[in-house]
Amino acid sequence: MGKQKKTPLPPDVKAYIDASVKMTAEAVKEACGPLQRPQNAKTAFKSTEARLYALPVLKVKIKDDTEKIEQLRTYGAPERSKSITRFSKNSVRLDPEEALEAIIKDQEAAIAADQHEVDILETALDYIRDDPYYKTVSGRYFDGLDNETIGEKIGCDGTTVWRNRQRLVKSLAVRLYGTTAID
């Protein structure tokens, strides 16, 4: 299937697509809610760790989803896509071009939400990046290394690695969650 030519969407269809994108963005925001509102310092620390572990995966997901959008723009939507039926409910029938545009906008909204999370974490990490023990964080959460391996790389023992990583993650938690993360 070749590249489809663009025609303007009717206002009612555009409004329907925009409403679908807004619902997707709200669902993503609600799903991320528990990570954004920890109840105490311990849950803030654990939420920070979860977000750090997720960061490399989110970056790959954003890249994959961006490629998926390019494929959709080049080849169109698959004939039997579940996402097409999602935009065909409530007595509003979209033609294939309108459905494709809705799918692309929905995917772009998901990418924007993931990119927002990456940006927040990168900004927080910039706060600790100059710390001499930053590699205790990057080694553990991004490279999957244990304390002893990290210690060998930076010239200290595993306990020092653990203690400094705890300190830095607590600092990140305060940066991400504010006073809720202070014990």
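Here are the numbers:
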read-out: Meets criteria (buried (at least 17 other Cβ atoms within 10 Å of the Cβ), among the acidic types (Asp, Glu) and modelled with pLDDT of 95 or more) for residue 117; value: yes
read-out: Counted residues, the stretch 150-162 - those being part of a helix (DSSP H, G or I) and open to solvent by 30 Å² or more (accessible area, probe 1.4 Å); value: 5
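Listed here are the residues, each with its yes/no results for (1) under 23 Å from residue 24 (Cβ atoms); (2) in a helix (DSSP H, G or I); (3) open to solvent by 80 Å² or more (accessible area, probe 1.4 Å).
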residue	(1), (2), (3)
107	yes, yes, no
127	no, yes, yes
145	no, no, no
148	no, yes, yes
164	no, yes, no
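The values are calculated or read from the model by the stated rules, or taken from the named source; none is laboratory data. Note that this is a predicted model, so its numbers are computed, not measured. Quick reminder, even Gly has a Cβ in these numbers, built from the backbone with ideal geometry, and neighbours come from all protein chains shown. Surface accessibility is based on the protein's heavy atoms, side chains included, excluding ligands, DNA and RNA. Shrake-Rupley method; radii C 1.70, N 1.55, O 1.52, S 1.80 Å.
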